[in-house]
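What follows is a set of notes on a single structure, which appears directly below.
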Amino acid sequence: MSMPFVRTALAISLLPMPLQAAPVELGKQFFHKDWAAACDNTLSCEAQSLIGDSQDESMPTVTVSRASDGAGPVQIGISLAEPKGDRYRLLVDGRLIESGTLAKGEYPVRLEGAAAMKLARAIGRGRKLVVRGADNIVLGQLSLNGTAAAFTHIDVVQNRAGTRSALFASGKRALRAKSAPLPVISAQRIGKQYIIPDAGAIVGLVEGSACAEASSGVTENSAYSLGKHDGTYKALVMLSCGNGAYNFSSAPYIGSSTNGKKWSFAPARFDYPAESDAAMGGVQLLVNSSWDAESQQISSYAKGRGIGDCGSAETYVWDGNMFRLVDAFAMEECRGSIEWMRLWRAKVEFRD
């Protein structure tokens, strides 16, 4: 859920580390006043503005991102409710910090490198950011309360506090920025698509599951081939398993068959979270899920409320035996940010 132009900058030279032997530990979220911050498992971090109690949803949102390597260029994206004209000016407490041309897309204001660092340090010490456009019209303004704490959190996690490269807590200490290896997931490629369980087998699975009384009637049961390996057909079966106002739950099972006719089923295994819901018989429920056969990935997206400004999202890859976490994003507080913070990422390498 991070900014698209930020994601491309996260190609960090890190030594691969197998994921299979280690438990998944997500990064932590930090909240203070009108700002939030989080760092993922590689210690790449971001800070985001939140809507304060006295502010409205037409205000701009600011995302400040920084990779974990020593160079760690700062990137800033500012979204605007109604961008007008082709120019912008950024003022902190009435002082002009930066100006430029509005871009197309989700983030009309985009800064990187020295310009982004200049703005970051200004807003870290300021009280109010105002974005003005042509004819001095106000395009948006927001509170900077909590920025210093959010930036300090990032500086501490990345071991930049007290150095010249710090976002806020700068000093003359020598830089020894921290980073962590990017996990590498070795996944067996599914390859050719094979048969899947028939309707009768799926009905039998439903009747014997905890979802028998919880079918939403909105999300249909579905089945997808996971290929054939070592003489056994595998299939992913998703059972409709309840719904809320804007969340639809599914229960994932793995079907196995040696002849493509008689199937046995077991709850799909995931490496995160460490334990499944005991009340569901060991099944890990997914919310608003979708399956992408080409990437062998299944996603789950649970919204905390209808506008989608809080919740959690995970993406897993099928490695041939279980589902392993590839991406995780979350936003614990429901305060207007539709850009959830990244808490986990991994690289997938396929084997045939």
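The values are calculated or read from the model by the stated rules, or taken from the named source; none is laboratory data. As the structure is a prediction and not an experimental result, all values here were calculated from the model. Note that each Cβ is placed from the backbone with ideal geometry, even for glycine, and that neighbours are counted across all protein chains shown. Note: areas computed on protein heavy atoms with side chains; ligands, DNA, RNA excluded. Shrake-Rupley method; radii C 1.70, N 1.55, O 1.52, S 1.80 Å.
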Exercise for the section: Tell me which residues, restricted to region 101-123, are open to solvent by 10 Å² or more (accessible area, probe 1.4 Å), in contact with a helix residue (DSSP H, G or I) (Cβ under 9 Å, 6 or more places away or on another chain) and not hydrophobic (A, V, I, L, M, F, W, C). Expected result: Gly105, Glu106, Arg110, Glu112, Arg121
Handout entry: Condition check for Ala235: closer than 19 Å to Met322 by Cβ, touching a helix residue (DSSP H, G or I) at 6+ places or on another chain (Cβ under 9 Å), of a type in the set (A, V, I, L, M) and open to solvent by less than 50 Å² (accessible area, probe 1.4 Å)
Key = no
Fill in the blank from the handout: Cβ pairs under 6 Å, 6+ apart or interchain, first in region 290-314 and without any contact (Cβ under 8 Å) to a residue 24 or more places away in the chain, second part of a loop (DSSP other than H, G, I, E, B), ordered by first then second residue, are Ser300/Ser289; Tyr301/Asn288
Problem - Top-ranked residue of region 170-201 - restricted to ones that are outside any loop (DSSP other than H, G, I, E, B) and under 32 Å from the mean Cα position of the chain (by Cα), ranked as surrounded by the most Cβ atoms within 10 Å (Cβ to Cβ) - result: Pro183
Handout entry: Filtered residue count, region 259-271, keeping only those that are surrounded by 17 or more Cβ atoms within 10 Å (Cβ to Cβ) and either under 14 Å from Leu285 (Cα atoms) or out of contact with any Gly (no Cβ under 8 Å at 6 or more places or on another chain) (or both)
Key = 4
Practice task
Quick one: which residue in Leu102, Leu91, Leu80, Leu111 is more than 15 Å from Ser49 (Cβ to Cβ) and touching a Gly at 6+ places or on another chain (Cβ under 9 Å)?
Solution key: Leu102
Handout entry: Cβ pairs under 7 Å, 6+ apart, first in region 142-157 and touching a residue at least 24 places away in the same chain (Cβ under 8 Å) and closer than 10 Å to Ala36 by Cα, second open to solvent by 10 Å² or more (accessible area, probe 1.4 Å) and in a loop (DSSP other than H, G, I, E, B)
Key = Gly146/Lys33; Gly146/Asp34; Phe151/Phe168
Practice task
Grab the strands (runs of 3 or more DSSP E) fully contained in region 225-323, keeping just those with 2 or more residues being of a type in the set (A, V, I, L, M, F, W, C).
Solution key: 232-243, 248-257, 264-267, 297-303, 311-318
Problem - Hey, Trp291 open to solvent by less than 30 Å² (accessible area, probe 1.4 Å) and of a type in the set (A, V, I, L, M, F, W, C) or not - result: no
